[in-house]
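The values are calculated or read from the model by the stated rules, or taken from the named source; none is laboratory data. Quick caveat: nothing in here was measured; it's all calculated off a predicted structure. Cβ: placed from backbone, ideal geometry, glycine included. Neighbour counts: every protein chain shown.
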Amino acid sequence: MRVFKDLEYDNQSELQKLDLYLPSINKGPYPLVVFIHGGAWQFGDKAEGAEKDWLNLVNNGYALASINYRLNDEVKHPEGLIDCRKALNFLAKNADKYNIDTERIGVAGTSAGGYYALMLATTNDLPIYKIEGEDNADIKCCVALYSPTDFNEGKKLAYGSLLNRIKYGISIAITEKYFGKALKDMSGKELMEASPVNYISKTLLPILLQQGDNDFIIPSQQADNFLEKAEEIGVDDKVIVEILNGAQHVDPMFSTIDNQNRIRRFFDQNLKK
């Protein structure tokens, strides 16, 4: 494959760069998948190794971008999300240069990165989190692995009992650092406006959610809540929820060849029509 490292999509931070992987045979324009790494919004990198699971897509005719974004030591919500949008727009703006098909763009991510992917997908047809003065790239589908979907329900679960506060203590601390304030001090409105579940509508894009039922960072109930909301609105046919039995957060089960192929087939169905 052909690799373009450290392409700068903005100049406010050293982290505003991406790596682009293209098939070795130039038969584009290629459908594009933008991968967003996890790391609790506090750490992680576009080339730390998590992106390797997604390189299977390049061998099957996709362009793959692995992006960095500013972390919590630099910014708070929603600036990291805005960075992801800027990276998308950069790729769309340079589509001719890299032989990318802007009509076939998908987003994907793990954990915190999956949250960003979900936010981009669910707000795709809304002005919120768009960049003024730019042509904002249009997304067609999304894959999110072990990612938060509903901070309000997360708050209720975390503070529902002492046992839950102990069980999900790490999750509480991560979320509070992301927002820069205690969950107990945040209103339901604030939390909902930051939650992908809040933006489910009749125009929802195809979404694949995968979760582990033994995840004590992001409980699998988060994926179930997303599907339930989609059912209420009548767009549950757009949402696939897959719960991996026994899987924990960042579990090797998500990286198996079988699961990589499962994800590739989802993208094939939605980006190769």
Restricting to the stretch 104-139, name every residue that is surrounded by 20 or more Cβ atoms within 10 Å (Cβ to Cβ) and among the charged types (D, E, K, R).
R104
Count, please, the residues in the stretch 250-264 that happen to be more than 16 Å from L64 (Cβ to Cβ), under 18 Å from the mean Cα position of the chain (by Cα), part of a helix (DSSP H, G or I) and not aromatic (F, W, Y).
2
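Hey, among the residues in the stretch 11-20 that are touching a residue at least 60 places away in the same chain (Cβ under 8 Å) and in contact with a Phe, Trp or Tyr (Cβ under 8 Å, 6 or more places away or on another chain), which one's surrounded by the fewest Cβ atoms within 10 Å (Cβ to Cβ)?
Taking the stretch 11-20 as the starting set, the residues that turn out to be touching a residue at least 60 places away in the same chain (Cβ under 8 Å) are 13, 15-16, 18, 20.
Those still in the list that are in contact with a Phe, Trp or Tyr (Cβ under 8 Å, 6 or more places away or on another chain) too: 15-16, 18, 20.
On the way: L15: 17, Q16: 19, L18: 25, L20: 23.
That would be L15.
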Can D101 be described as touching a strand residue (DSSP E or B) at 6+ places or on another chain (Cβ under 6 Å), outside any loop (DSSP other than H, G, I, E, B), charged (D, E, K, R) and at pLDDT 95 or above?
yes
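Conditions tested, residue by residue: (1) at pLDDT 95 or above; (2) at positive phi; (3) in contact with a strand residue (DSSP E or B) (Cβ under 7 Å, 6 or more places away or on another chain).
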{"site": "Q211", "(1), (2), (3)": "yes, no, yes"}
{"site": "I217", "(1), (2), (3)": "no, no, no"}
{"site": "E231", "(1), (2), (3)": "yes, no, no"}
{"site": "N261", "(1), (2), (3)": "yes, no, no"}
Looking at the stretch 2-24, can you tell me whether even one residue there is modelled with pLDDT under 95, under 22 Å from F266 (Cβ atoms) and not in a loop (DSSP other than H, G, I, E, B)?
no
For Y115, all conditions in the list (1) in a helix (DSSP H, G or I); (2) under 29 Å from R2 (Cβ atoms); (3) of a type in the set (S, T, Y) hold save one; what is the number of the exception?
(2)
Among the residues of the stretch 23-39, the number that are surrounded by fewer than 22 Cβ atoms within 10 Å (Cβ to Cβ) and either out of contact with any Leu (no Cβ under 9 Å at 6 or more places or on another chain) or more than 17 Å from A117 (Cβ to Cβ) (or both) is 7
Criterion first (farther than 17 Å from W54 by Cα, surrounded by 15 or more Cβ atoms within 10 Å (Cβ to Cβ) and not hydrophobic (A, V, I, L, M, F, W, C)) does Q211 satisfy it?
yes
Identify the single condition in (1) part of a helix (DSSP H, G or I); (2) surrounded by 19 or more Cβ atoms within 10 Å (Cβ to Cβ); (3) charged (D, E, K, R) that D96 does not satisfy, given that it satisfies every other one.
(2)
What number goes with the only condition from (1) part of a helix (DSSP H, G or I); (2) in contact (Cβ under 8 Å) with a residue 12 or more places away in the chain that D73 does not pass?
(1)
Evaluation of N59 against (1) among the polar types (S, T, N, Q); (2) part of a loop (DSSP other than H, G, I, E, B); (3) modelled with pLDDT under 95 (one fails), failing number
(2)
Would the stretch 181-199 turn up any residue that is touching a strand residue (DSSP E or B) at 6+ places or on another chain (Cβ under 8 Å), modelled with pLDDT under 95 and part of a loop (DSSP other than H, G, I, E, B)?
no
